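First comes the structure, then the notes that go with it.
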Amino acid sequence: MSETPSSADANDIALRSSIDRSLRHPVMFFFTCGALWLAVAAVLGLIASAKKHMPEFLGGCSLFDAGKIDAAHINALIYGWGFQAAFGMIIWLMARLSRKECTSSGIVLVAGHLWNFAVLFGVVGIMLGMGTGVPWMEFPTAVWPVLLLCYMLITIWSLIQFQVRDAGHVYVSQWYLLAAMLWFPWIYMTANLFVFVFDGNPLMAAGIASWFKGTLFLLFFLPVAVASAYFLAPKVTGRPVYSYNIALFGFWTLAVVGPWAGMQKLTGAPIPQFLPYTGAAAMVLILVPAIAVAINILKTVSGHEETVTASPALRFTAAGVVGLLTYGVLSAATHAFGFSLVQFSYTDYGFDILGLYGVFSLCAFGAIYFIVPRITRREWLSRRFISWHFYLSLYGVITVAISAIVGGISQGEGIEAWNQSFLAGAGRAQSYGWGVTIAWGLILLSSLFFSLHLLLMWARLGRRSSHPTLLKGNHAESPHGPEGEVDNYGSATA
């Protein structure tokens, strides 16, 4: 005899509750540790940006030398915050979409602790002068095998959950999660082996390092962010994804274009000239999947503006999707009309922060604001904290991106000018550095609010509630969202 609708709903709620209970500790661990590392990265970013226009700032301490603090800042942002936020999103989203509990939370937690110790050792090692000097791979060489092992121990269970799930179609979010989980070991192992292990040509090692930097965002952080957006937009609004075909097109264009990015950084180097131009073309074509994702997500939430305004999850997610579209447009414009002009300028840093914070982090915040109440069974304590976090983050990343990108273009024009000294051209970006410093101050404040809020939620101090936290009013988001994830074909599945 088939189940009645009411019993099926009760079973579905019980299953989701058991999945959330099985993941409570590892997911909260990754989110909270990541938030604390984000605050550390903001402090380091504030110091690093200040030293660009005030070289004497903390000049008496060798730990805060400009090169060291820059590397420590970006690596703390990537490996401390970025990966741990991604881990929490991956394991929760894959468990929910595969409808399988986590039976190995202890192993995941042990790997998570080891990951944090490795990142701490790496950041301290950089500041003590033991860094490698390779962008985004500056940790001492003993760290990368440990991080790779931890990554495998954390994500392997999500792959197993997908493999043993009940038969059925694969959700759009699962495409991106699976791709990110499989792409990262390939690019990370390839880059570290060819740069640090194999005795090859140093020029080729530089090319591989540039390729790694270009692909880490496009093939890991971006897919995880997009997976979150494709989950939350239909889940909160109760509508199916706007177009399955656009979703398919966006996924495969990213898969085809993404692996070619990175080597545009070596323009003018003694390498085959098609390599930097191929990298620049890839960065131009990133606009295509960016448009596809933006159209699909924004059309999905179209007509639900009040829900977007009221829901913290959708508010951050929508901002991240707009950030992705902005990233695509600026990337296409810069790499189509003058990527060699800004090769040695501040612009590259602006794109890094726009991608890592303006796209990935904003989507990650949206996911965290959705996931945490479900695994803690508590409502967020302060709507005001959430609003402050949103506006400070948004103003901060906009200011970083504008100051760094515009300042970098001005700096590149000065460097290219033959009738003035190199130092005079390079100094053009100095005034924009103040904007970056102020922006990191805003981001630091937002990170402190966010970290404190998460710690209070981990302590389970929020009041019990079966309803989601809304910033205002009582809008369309239901206590559990639609009963089951809304699939890509327009129906709601159990």
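The values are calculated or read from the model by the stated rules, or taken from the named source; none is laboratory data. Just so we're clear, the structure is a prediction, and the values are computed from it rather than from any experiment. Please note: Cβ atoms are built from the backbone with ideal geometry, for glycine as well, and neighbour counts cover all protein chains shown.
Reported count of residues in the range 1-25, each being among the β-branched types (Val, Ile, Thr) and either at pLDDT 85 or above or surrounded by 15 or more Cβ atoms within 10 Å (Cβ to Cβ) (or both), is 1.
Of all residues in the range 230-251, those that are surrounded by fewer than 22 Cβ atoms within 10 Å (Cβ to Cβ), outside any helix (DSSP H, G or I) and among the hydrophobic types (A, V, I, L, M, F, W, C) total 0.
Looking at the structure I just gave you, is Ser447 modelled with pLDDT of 75 or more, over 27 Å from Cys33 (Cβ atoms) and surrounded by 17 or more Cβ atoms within 10 Å (Cβ to Cβ)? No: the conditions fail for Ser447.
Checking each residue in the range 111-128 for being in contact with a Leu (Cβ under 9 Å, 6 or more places away or on another chain), surrounded by fewer than 19 Cβ atoms within 10 Å (Cβ to Cβ) and either among the aromatic types (Phe, Trp, Tyr) or part of a loop (DSSP other than H, G, I, E, B) (or both) picks out only Leu128. Being without any contact (Cβ under 8 Å) to a residue 12 or more places away in the chain and either in contact with a Lys or Arg (Cβ under 6 Å, 6 or more places away or on another chain) or charged (D, E, K, R) (or both) is the filter here; which residues of the range 289-307 pass it? Of everything in the range 289-307, just one residue is without any contact (Cβ under 8 Å) to a residue 12 or more places away in the chain and either in contact with a Lys or Arg (Cβ under 6 Å, 6 or more places away or on another chain) or charged (D, E, K, R) (or both), namely Glu305. Only one of the listed residues (Val288, Val359, Val322) is at pLDDT 95 or above, hydrophobic (A, V, I, L, M, F, W, C), part of a helix (DSSP H, G or I) and farther than 30 Å from Trp434 by Cβ. That residue is Val288. Within the range 298-338, the set of residues being within 19 Å of the chain's Cα centre (by Cα) and farther than 26 Å from Phe385 by Cα comprises Leu325, Thr326, Tyr327, Gly328, Val329, Leu330, Ser331.
Could you please let me know if Leu330 is assigned to a helix (DSSP H, G or I) and surrounded by fewer than 20 Cβ atoms within 10 Å (Cβ to Cβ)? Yes; evaluated as a whole, the condition is true for this residue. Selection of the range 76-110 for residues being surrounded by 18 or more Cβ atoms within 10 Å (Cβ to Cβ), aliphatic (A, V, I, L, M) and more than 23 Å from Gly358 (Cα to Cα) yields Met94, Ala95, Leu97, Val108. Taking the condition assigned to a helix (DSSP H, G or I) and modelled with pLDDT of 90 or more, does Gly45 pass? So Gly45 passes the test.
For the range 377-384, the criterion of being part of a helix (DSSP H, G or I), surrounded by 24 or more Cβ atoms within 10 Å (Cβ to Cβ) and not acidic (Asp, Glu) is satisfied by no residue at all.
What's the total number of residues in the range 185-203 that are part of a loop (DSSP other than H, G, I, E, B) and touching a helix residue (DSSP H, G or I) at 6+ places or on another chain (Cβ under 7 Å)? Count: 1.
Within the range 454-475, residues that are modelled with pLDDT under 70 and surrounded by fewer than 19 Cβ atoms within 10 Å (Cβ to Cβ) sit with their Cβ atoms under 7 Å from residues that are of a type outside the set (Asp, Glu) and in a loop (DSSP other than H, G, I, E, B), at 6+ positions apart or across chains, in these pairs: Ser466/Pro479; His467/Pro479. For Leu394, state whether it is aliphatic (A, V, I, L, M), buried (at least 24 other Cβ atoms within 10 Å of the Cβ), more than 30 Å from Ala14 (Cα to Cα) and within 16 Å of the chain's Cα centre (by Cα). In short, no.
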